[in-house]
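Step one of this worksheet: look at the structure below.
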Amino acid sequence: MVSLKQLDLTDLSVRQVNEYLHGELLEERPAGVEILNPDGLHSIAAGLDTKVNVDILGHAGYFIAGMNQQARVTIHGNVGWSVAENMMSGVVRVKGHASECAGASGHGGLLVIEGDASSRCGISLKGTEIVVGGSVGHFSAFMAQAGTLVVCGDAGPNLGDSLYEATIYVRGSIHSFGADAQEEEMQADDFEKVTDLLSRAEMNYDAREFKRVSSARSLYHWNADAHQEY
Amino acid sequence: MCGIVGFLARSEADRARLGQLVTPMLECMATRGPDSAGLALFRSPLPAASRRFALYAGDRAFDWQALNTQYQADNNCTATVEAVENHAALLTDLEAGPFKAWLGRTCPEVHLLSAGHAIEIYKDEGHPEEIARRFHFSEMVGTHAVGHTRMATESAVSPAHAHPFTAGEDFCLVHNGSLSNPYSVRRKLESLGIAFETDNDTEAGCRFLEWRMREGDTLETAIEVAQAELDGFYTFLMATADKMVLVRDAFACKPAVVAETDDYVAVSSEFRSLAHLPDIKHAHVYEPAPEQIYSWSV
């Protein structure tokens, strides 16, 4: 058994690294994989479907750990657009900041961003749990259908625009709500859920500091009397 | 998509190797836009009476020395010309208006790319790596530079439609995005006597900003006025003789990353074109916020 596999992107292409992660890895079963010199390259560690720890040592580009299943991927730097897009399960952790559309369309698993996430974080979320240590940009959780977004910092404009059944918890200030999003009182199960997520994300905050945001559900049905005034 | 890059050197060492630092950035962004490319280089300003006119000819064997000889004879003055293939810089004392008029009368096949005390624009159709090699971008020395790799989405692929765009003197703009109301902006400016050279949307933004600055606005104020007038998605990177300025639209649909160290400020559409800059591991790397104006001085 290989104790720790190191793959250096100065010598290998992203395709070669991903081919290892999808193929040879399953035979070698290393204790973990370290990917060196990501240097902003796109699609690293995309499409993983095995229980393995992958550490990306540096700043990475777009679509990092997209479609992840089972794997635990840690990026030791910033990431570009759409990290952990369409994740199914597993854990993706960004030690730095994330650009736009972090966790977009994710069905399951946990995405942790220790720094800030930019706009449209959790857009069209379908079940993934996202914990952001810093703040999120505008239109975060836009059209989010299921799952949870926990924001330990502040939320930018139009939070939760056209939200479905996903829930948002915000510790800091909320610049503005998007259409149909509203603040609701925290209930016992909210405190429980936030406490659990903060613990799994290794964020040291008290759930009592958070506000709950969810859908007012007024967009769910066509209202002929509204005269398009939603 | 398009790729934008910018580099402002704070240290003398980085000014001396500006071309070496910015050229790999530009070449890396060729994947975002491979149809044409350009670079605006800013050097230490010439004396107030002198100007550098960047010229472009379609013919790569164009006789620039003959143009210079003709220019000196017609205007009874001295000038020097520095030529690389179909690009040349003419250094002379004539002001931009009379120079442009002379050029239009004498050599209408030659296009004036830029005018000013500090700026020199290079741009052409073709792959960014080929353009960088032909014009020797890696040898350039200066205080700051902005560059662009274009994937045309709204107007023709031609040398004139390549970025950077310029208007007036010592000002240029590169743009990733698309404006949705360039023609109404253009009609407004044309009614004020401002002439356009292409049908490109970026030219409308560029001439709008230069018009506001000519009316007395600072570049930052001009951008605030433009934010209310220009509709569309944009990351704009601009430069004047003494600063580099970045702004994104309210939705920030077009990417940008900034890296700052004590020695430089570098801007790009994607981090990977910054990845090989010196000391990048210790740089402050961040994504610029929507609508916020970022301005860095030389």
- prompt: Once you average over the residues of A:60-70, how many Cβ atoms of partner chains fall within 10 Å of each Cβ?
  reply: 1
- request: Please work out the average accessible area per residue across the protein assembly as shown, using the 1.4 Å probe convention, and give it in Å².
  value: 40
task: Sequence neighbours fewer than 8 away in the same chain don't count; with that in mind, list the lysines whose C-alpha is under 24 Å from residue B:100.
output: B:123, B:188
statement: Within the stretch B:171-240, DSSP-loop chymotrypsin sites (Phe, Trp or Tyr not before Pro) with at most 16 other C-beta atoms within 10 Å are B:196
- request: Find how much the distance from residue A:176 to residue A:3 grows on full extension, using 0.36 nm per residue of separation minus their present alpha carbon separation; answer in nm with one decimal.
  value: 57.4 nm
message: Please compute the contact order of the stretch A:4-219 in relative form: average sequence separation of alpha-carbon pairs under 8 Å and at least six residues apart, divided by the residue count, as a percent.
response: 10
- prompt: Which distance in nm do the two modelled labels at residue B:82 and residue B:224 give, with both placed 7 Å along the Cα-to-Cβ direction?
  reply: 3.8
- prompt: Among A:57, A:69, A:40, which residue has its Cα positioned farthest towards the positive end of the charge dipole of the stretch A:1-83, with +1 placed on the Cβ of Lys and Arg, -1 on the Cβ of Asp and Glu, and the dipole taken about the Cα centre?
  reply: A:69
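Report the percentage of all Cα-Cα pairs in the stretch B:76-170 whose separation exceeds 23 Å, rounded to a whole percent.
Details: 1265 of 4465 pairs.
The answer is 28 percent, as a whole percent.
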message: Test of understanding: what is the full-extension gain from residue A:13 to residue A:145, defined as 0.36 nm times their sequence separation minus their Cα-Cα distance?
response: 43.9 nm
- request: Pop out the ³J(HN,Hα) list for the stretch B:131-144 in order, Karplus 6.51 cos²θ - 1.76 cosθ + 1.60 with θ = phi - 60°, rounded to Hz; leave Gly and Pro as x.
  value: 5, 4, 5, 4, 9, 6, 4, 5, 8, 6, 10, x, 8, 7
field: Accessible surface buried upon B-A contact (total; probe 1.4 Å; Å², nearest 100)
entry: 1200
task: Let me know the mean shielding of A:29-40 by other chains, meaning the per-residue number of their Cβ atoms within 10 Å of its Cβ.
output: 2
- request: Please provide three numbers in whole Å: the alpha-carbon extents of the stretch A:4-219 along the principal axes, with the largest listed first.
  value: 52, 27, 26
- request: Give me a single rounded figure for B:265-277: the average over its residues of other chain Cβ atoms within 10 Å of their Cβ.
  value: 4
query: To the nearest 10 Å², what's residue A:174's accessible area with a 1.4 Å probe?
result: 40
query: Taking the alpha-carbon set of the protein assembly as shown, what are its Rg and Dmax in Å?
result: 25.9, 89
query: What residues in the stretch A:133-159 lose 40 Å² or more of accessible surface when the other protein chains are added to their chain alone (1.4 Å probe)?
result: A:138
- request: Determine the distance separating the Cα centre of the stretch B:78-107 from the Cα centre of the stretch B:273-298; give it in Å without decimals.
  value: 36
task: Quick one: work out the % antiparallel among DSSP beta bridges in chain A, nearest 5.
output: 15
message: Among A:135, A:156, A:201, which residue has its Cα furthest toward the positive end of the charge dipole of the stretch A:4-219, with +1 on Lys/Arg Cβ and -1 on Asp/Glu Cβ?
response: A:156
- prompt: Where does each of B:20-30, B:245-255, B:88-98 land if you order them by average Cβ count within 10 Å, highest first?
  reply: B:20-30, B:245-255, B:88-98
- line: Put B:148, B:276, A:76 in order of accessible area, largest first, probe 1.4 Å, and you get B:276, A:76, B:148
Segments A:9-21, A:124-136, B:121-133 sorted - mean Cβ within 10 Å per residue, highest first: A:124-136, B:121-133, A:9-21
- prompt: Of B:94, B:42, B:64, whose Cα points farthest to the positive end of the dipole of the stretch B:1-112 (charges on the beta-carbon: +1 Lys, Arg; -1 Asp, Glu; origin at the Cα centre)?
  reply: B:42
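What size of dipole, in debye to the nearest 20, comes out for chain B about its Cα centre when the only charges are +1 on Lys and Arg C-beta atoms and -1 on Asp and Glu C-beta atoms? Don't jump to the answer; show the numbers that get you there.
Values: 25 positive and 42 negative charges, 16 e Å.
Dipole size: approximately 80 debye.
For the pairs A:95/B:254; A:95/B:243; A:95/A:126, note any where the Cα-Cα span goes beyond 28 Å. Present the calculation step by step, with values, prior to reporting the outcome.
Working: A:95/B:254 24 Å; A:95/B:243 33 Å; A:95/A:126 24 Å.
Checking Cα-Cα distances, A:95/B:243 exceed 28 Å.
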message: 7 Å from Cα along Cα→Cβ at both residue B:191 and residue B:151: what's the point-to-point distance in nm?
response: 3.7
field: Length-normalised contact order of chain B in % [C-alpha pairs under 8 Å, at least 6 apart]
entry: 25
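What is the ratio of the Cα radius of gyration of chain B to 2.2 N^0.38 Å, where N is its residue count, to two decimals?
On the way: Rg = 18.1 Å, N = 298, 2.2 N^0.38 = 19.2 Å.
Dividing the Cα radius of gyration by 2.2 N^0.38 Å gives 0.94.
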task: Pop a pseudo-label 7 angstrom from the Cα along the beta-carbon direction at both residue B:70 and residue B:250 and give the gap in nm to one decimal.
output: 5.1
- request: Would you work out the charge dipole size for the stretch B:29-136 about its Cα centre, treating the Cβ of every Lys and Arg as +1 and the Cβ of every Asp and Glu as -1, and quote it to the nearest 20 debye?
  value: 280
- request: Evaluate the charge dipole of the protein assembly as shown about its Cα centre and quote only its size in Debye, nearest 20, assuming +1 on the Cβ of each Lys and Arg and -1 on the Cβ of each Asp and Glu.
  value: 320
task: Please give the FRET efficiency for residue A:28 paired with residue B:198, using the beta carbon to beta carbon distance and R0 = 51 Å, rounded to the nearest 0.05.
output: 0.35
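The values are calculated or read from the model by the stated rules, or taken from the named source; none is laboratory data. Quantities reported herein were computed from a predicted structural model and do not represent experimental measurements. Cβ: placed from backbone, ideal geometry, glycine included. Neighbour counts: every protein chain shown. Each accessible area value is taken on the protein alone, full model and side chains, heavy atoms only, with ligands, DNA and RNA left out. Shrake-Rupley method; radii C 1.70, N 1.55, O 1.52, S 1.80 Å.
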